[in-house]
Amino acid sequence: MDFLRPASWEEALAAKAEHPTAVPIAGGTDVMVEINFDHRRPEYLLDLNRIGELSEWEVGQENVRLGASVPYSSIMEHLRAELPGLALASHTVASPQIRNRGGVGGNLGTASPAGDAHPALLAADCEVEAESVRGKRLIPIDAFYTGVKRNALEPDELIRAVHIKKADGPQQYSKVGTRNAMVIAVCAFGIALHPETRTVRTGIGSAAPTPIRAREAEEFLNAALEEGGFWENGKIITPSIAQQFATLASGACNPIDDVRGTAKYRRHAVGIMARRTLGWTWEQYRGAGRALEGAA
Ligand SMILES: Cc1cc2nc3c(=O)[nH]c(=O)nc-3n(C[C@H](O)[C@H](O)[C@H](O)COP(=O)(O)OP(=O)(O)OC[C@H]3O[C@@H](n4cnc5c(N)ncnc54)[C@H](O)[C@@H]3O)c2cc1C
């Protein structure tokens, strides 16, 4: 196995163009497990660790441009206000050691349906900045996951960054596992309220071949909130609306039975998480509204 160590982003792109089968390695928390268990024996490893800009982020007017290798611990420490859903999801990843090494670029590279970043990214809305010597493109997150552990990257492309919408409202992340740490999700649910566009977006993990959005649930809720004037009047969401949202979220799942849980359990748990996270975020939204009214 050859180890390629580019000193710059341009060198990394050139190396990937020359060796399209080279496996990029960032934190190595997925790649090294696969190599150690002999699940993968790549001809070339492409080490991205000398490329400093991959571990940097920029906070813009509307988006955060998050470098592919920014570790989860930095997201938790520095980007909680801008990316609350992703920060909450980061908290649930593994252990402090893994959170210091692993990042969103690696989670996207692996594209496991159980990866914790995905539901938060789907709910927040983002684009993946992919680059090759041929140029740069932005891949909408909805188009990124193409199959079980498959993504939309071309063989010569690398992930440079992820452009994630800054939160304009409350976000939540919920994960079911057999314990509180060092656990792969049995299933997970992310939700983001977007008061500016009066929409709610969702993300479901580990309950379908790829991470998915609960689109019908979103459409139902968006229409119900609009119709009832909920965004303006800040009323409590009625139990029947919350229940229908949960039922539709559950129905969006296409899970399997495996060692971590049954398909039936996953569908059930996603419905519960959908209802609870909707309640939590809506309470936060109403609280913020009341605080603003008080200040006026
Ligand atoms: C003990 C343990 C516990 C874990 N627990 C969790 C958990 O709770 N939740 C969770 O989601 N994950 C978990 N993981 C998996 C892993 O930590 C995450 O998927 C992490 O985000 C991977 O990031 P990384 O930088 O280490 O990726 P790497 O291992 O370096 O790479 C992962 C994949 O992405 C590709 N890649 C990396 N960077 C790029 C890039 N810039 N462009 C293109 N492709 C790239 C690699 O080629 C590889 O295919 C765990 C792993 C371990 C070992």
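Annotations for the structure displayed:
- Each residue in Ile241, Ile164, Ile236 was given a count of other beta-carbon atoms within 10 angstrom of its own, and listing them fewest first yields Ile236, Ile241, Ile164.
- From phi via Karplus (6.51, -1.76, 1.60), per-residue ³J(HN,Hα) for segment 5-11 in Hz, x at Gly/Pro: 10, x, 8, 9, 4, 4, 5
- For the chain, the longest principal axis of the alpha carbon atoms and the long axis of helix 215-227 meet at an angle near 40°.
- 222 nm mean residue ellipticity, helices alone, for the chain (DSSP H n ≥ 4; -39,500 (n - 2.57); rounded to 500): -11500 deg cm²/dmol
- Computed label-point distance, nm, for sites His78 and Ala17 using a 7 Å Cα→Cβ extension: 3.0 nm
- Converting phi to 3J(HN,Hα) with the Karplus coefficients 6.51, -1.76 and 1.60 and the offset θ = phi - 60°, segment 229-242 yields x, 5, 5, 7, 7, x, 5, 5, 5, 5, x, 5, 5, 4 Hz in sequence order, with x at every glycine or proline.
- The calculated FRET efficiency for the pair Ala181 and Asn49, based on their C-beta separation and a Förster distance of 22 Å, comes to about 0.30.
- Estimated D of the chain in µm² per second, where Rh is the Kirkwood radius over Cα pairs and Stokes-Einstein applies at 37 °C, 0.692 mPa s: 167 µm²/s
- Per the Kirkwood formula applied to alpha carbons, segment 1-156 shows a radius of gyration over Rh ratio, Rg over Rh, of 0.94.
- Proxy reagent accessibility, fewest Cβ within 10 Å first, across Asp168, Asp156: Asp168, Asp156
- The chain: angle of helix 263-295 to the longest principal axis, Cα-based, in degrees nearest 10: 70 degrees
- Taking only alpha carbon atoms, segment 171-295 gives an Rg to Rh ratio of 1.01, where Rh is the Kirkwood radius.
- Orientation-averaged projection of segment 1-73 equals 5.8 nm² [convex hull of Cα atoms, one quarter of hull surface area].
- Taking label positions 7 Å along the Cα-Cβ direction at both Glu227 and Asp257, the computed distance is 3.8 nm, reported to one decimal.
- Segment Met1-Gln244, extension gain: residue separation times 0.36 nm, minus the distance between their alpha carbons: 82.2 nm
- Extension gain for the segment Glu283 to Arg198, taken as residue separation times 0.36 nm less the Cα-Cα distance, is 29.0 nm to one decimal.
- Distance from the alpha carbon centroid of segment 125-174 to that of segment 45-86 works out to 13 angstrom.
- Put in line by how crowded their Cβ is, counting other Cβ atoms within 10 Å and starting with the fewest, Ser74, Ser55 read Ser55, Ser74.
- Antiparallel bridge percentage (DSSP; both residues within the chain; nearest 5): 85 percent
- The HN-Hα couplings worked out from phi for segment 143-153 by the Karplus form 6.51 cos²θ - 1.76 cosθ + 1.60 (θ = phi - 60°) are 9, 7, 8, 10, x, 4, 6, 10, 9, 7, 5 Hz, whole numbers, x standing for Gly and Pro.
- Cβ-Cβ FRET estimate between Ile98 and Val59, R0 fixed at 25 Å, reported to 0.05: 0.50
Taken together, the values in this text are just the output of simple stated rules run on the coordinates, not laboratory data. Every value quoted in this text rests on a predicted model; they were computed, and no experiment measured them. Every residue, glycine among them, receives a Cβ derived from its backbone with ideal geometry; neighbour counts consider all protein chains shown.
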